[in-house]
Amino acid sequence: MKKKSKKNKNFNQRSFYFEDYLETNKKKKILKKTNNIQDRIYILFFFFFSLILIFSIKITHISLNNKNIFHSEKQTANFSLIRRDIVDTNGIIISRNVKTYHAAIDPKLIKDKKKFLINLRLNFPDLPIEDIRKKLNEKKYFRLKKRINQEEKNKLWSLGEKAIKFEPFEARMYTHGDLFSHIVGQVDYDNFGISGIEKFFDRELKNKKLLNNPLKLTLDSNIQHIINNELSKAIKTFDASGGGAVLMNVNNGDIISLVSLPNFNINQRTTIKDKKFINKITKGVYELGSIFKTFTVALALEHKLVDANTIIENIPKKVRCSIYEITDMKDHPKNLTVEEILVRSSNVGSVLLAKKVGEKNFKKFIQDTELTKNPEIELEEVGLPHPLKWNRCKLETVSYGHGITTTPLQATALYAALSNGGKLIKPSLVKDRKKEIPKNIISKDTSIKLSTILRKVVTSENGTASLADKNGYQVGGKTGTAESYGDKKNRINTFISIFPTNKPKYTLFVMLENPKINKDLIYNYRGVKIKALYNTSGWNSVYVAGKIIEKIGPILAINNKEFTDLHVVKKFN
């Protein structure tokens, strides 16, 4: 019995160990399987996390990159300037090189030429489609359009045509379009200056050592805009064929504004051949008429032949010289002071003063002031006045501005000298340019006397420039009405002003070509509402100058405390 019992016990024991082994083994297999699944999950998680990280980095890189990618081809190397910026006196950009493109076509890559031409016609109706069709058939690479802008580039890219290629290059862009067209000039497709400042300073503008240093001009964009706008309106108001204006600092020769109309958009790179588009201020050569009477009076005062209050008695109605008769447009009193001769703008009175001055002194003055030579300015577009031959009657006609030509720029520079104490300073378009020692042409005493007389031309009851009398600006000046030299059909009406006359700082020249009387324009003439009586500069050029001074005065006064104080005092008195 005991043996049996033992067997049973052993059997049961074996059975126990067997079952335990199987269960343990089973658990180990389950655990191993679970670990494998977790490993795979971790691997998959790491894989997806890596993908997300890679895509995030790529998206961030693309979003921070300003470069527009239009197709997979490498378009160009890093952009680097090859020409300096040109800026105005306030640092406002006038001219700058930018990255732009030509659009070209590779016909071999076009699958459907008919569809491509239809798309071009719809998006670019100005393109010569028939010429493009012929070029496509020739299967040679060609340029579709030069100097495309960003909008045109986007439209071409949106066509989704692989055959369209964008050829990068550096282009010169002019931020103000036509505002500085006669001054800044242009460059060709190879970035060589071909006119204006661009040509005159071509080497300096391409100097690699100065690429980050803009060429600063004396011009003020805000004032340029105002003068351009007022002159444009005047041309419409008086139905003139053109006009010009220049504003200059009388003490240093800085040109603050130079406008010649009509002008043109220099971004369009069109060839201009019509003479009406010349720079009238620097290249135009004119007989400027009565503004020369100021020079005659200046010489008479400088040589102490007369004083401002000296009375010239028995002035005749006309003076005969050879076969010509010199008369006045209006009747004047028989006796006039030297001051009144200029205020009333008497031709005959000027002739009598010129005879006192003498041909020798007048010749020397013309020679010293270089009125009949090329104007010196940082432009190649300058005019050459006609040779002055001192034959019979030349002294008489020159005394009131006939028979002698010059450019508006030279006349303006001379008025600056007459008002700044007698120093003839050369005009300049470039800021902080090295100045030459000025030449003295008259004394300070004569200069002060002239400024006083020129003020009376504006304020006196008999003056010819009353419409320029703007409260607070102490404007003085002289009118001029003449025929264009060599073409009597063309009329030139001018007005040169200086302000403020108590301490001159600026001179403004305004000219209108072939103006007409505006019968509908009502003038405020010394508080009276009237219409124009004559087609002289006093009724058009003076009117425009007054409008300009009224608007630019506050801008000029910003950095000019004395001028500001003067304006405030006058305003509240």
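Derivation of every value follows stated rules applied to the coordinates shown; laboratory data play no part. This is a predicted model, so every value here is computed, not measured. A quick note on method: Cβ atoms are made from the backbone with ideal geometry, for glycine too, and the neighbour counts reach across all protein chains shown.
Taking the chain as the reference, fit the longest principal axis to its C-alpha atoms, fit the long axis of helix 2-64 to the helix C-alpha atoms, and give the angle between the two in degrees, 0 to 90, nearest 10.
In the chain, helix 2-64 runs at an angle near 10 degrees to the longest axis.
Once you have the Cα-Cα distance between K317 and K519, take 0.36 nm times their residue separation minus that, and quote the gain in nm to one decimal. Before the final figure, lay out each step's value.
Working: separation 202, 0.36 × 202 = 72.72 nm, distance 3.08 nm.
Gain on extension, K317 to K519, equals 69.6 nm.
Given the pairs K360/K394; K153/K199; K317/K547; K206/K434; K108/K134, which are separated by over 24 angstrom at their Cα positions?
K153/K199; K317/K547, as the Cα separations exceed 24 Å there.
Looking at the chain, what % of its DSSP beta bridges pair antiparallel, to the nearest 5?
Taking every DSSP beta bridge with both residues in the chain, the antiparallel ones total about 95 percent.
Sorting S80, S346 on the 10 Å Cβ count, fewest up front, what's the list?
S80, S346
Put +1 on the Cβ of each Lys and Arg and -1 on the Cβ of each Asp and Glu in region 224-572; which of T337, I496, T237 then has its Cα farthest toward the positive end of the dipole?
T237
Positive end of the dipole of the chain, charges at C-beta (+1 Lys, Arg; -1 Asp, Glu), about the Cα centre: which of Y189, F264, Y42 has its Cα farthest in that direction?
Y42
With a point put 7 Å past each Cα toward its Cβ, work out how far T60 is from K139 in nm, to one decimal.
5.0 nm
If the viscosity is 0.692 mPa s and the temperature 37 °C, what translational diffusion coefficient in µm²/s does Stokes-Einstein give for region 384-443 when Rh comes from Kirkwood over Cα pairs?
D, rounded to a whole number, is 243 µm²/s.
Send over the Kirkwood Rh of region 411-557, from the inverse of the averaged 1/r over different Cα pairs, rounded to one decimal Å.
By the Kirkwood definition, the hydrodynamic radius is 16.3 Å.
Over the Cα atoms of region 86-216, how large are the radius of gyration and the largest Cα-Cα distance (Dmax), in Å?
My reading of the Cα-based Rg and Dmax gives 18.6, 54 Å.
Taking 1 over the mean of 1/r across every pair of different Cα atoms in region 310-418, what Kirkwood radius in Å do you get?
Over region 310-418, the inverse of the mean reciprocal pair distance is 15.3 Å.
Using only Cα atoms, find the angle between the long axis of helix 113-123 and the longest principal axis of the chain, and express it within 0 to 90 degrees, rounded to the nearest 10.
50 degrees
So if we plug the beta-carbon distance of K426 and I530 into 1/(1 + (r/R0)^6) with R0 = 60 Å, what FRET efficiency do we get, rounded to 0.05?
Rounded to the nearest 0.05, the efficiency is 0.90.
Please determine, in degrees from 0 to 90 and to the nearest 10, the orientation of helix 129-138 with respect to the longest principal axis defined by the Cα atoms of the chain, where the helix direction is its Cα long axis.
With both axes taken from Cα atoms, the answer is about 50 degrees.
At a 10 Å Cβ-Cβ cut-off, how would you order L521, L144, fewest neighbours first?
Fewest to most other Cβ atoms nearby, the residues stand as L521, L144.
In terms of the Cα gyration tensor, with a ≥ b ≥ c the square roots of its eigenvalues, is region 317-375 rounded because a/c is under 1.5, prolate because a/b exceeds b/c, or oblate? Walk me through the numbers before you get to the answer.
Values: a/c = 2.13, a/b = 1.72, b/c = 1.24.
Verdict is prolate for region 317-375.
When the dipole is taken about the Cα centre of the chain, and only Lys, Arg (+1) and Asp, Glu (-1) are charged at their Cβ, what size is it in debye, to the nearest 20?
Numbers: 100 positive and 58 negative charges, 994 e Å.
Dipole of the chain, to the nearest 20 debye: 4780 debye.
Counting only Cα atoms, I'd like the Rg/Rh figure for region 372-492, Kirkwood definition for Rh.
Taking Rh as the inverse mean 1/r over Cα pairs, Rg/Rh reads 0.99.
Out of region 344-400, which chymotrypsin sites (Phe, Trp or Tyr not before Pro) are coil in DSSP terms and have no more than 15 other C-beta atoms within 10 Å?
W390
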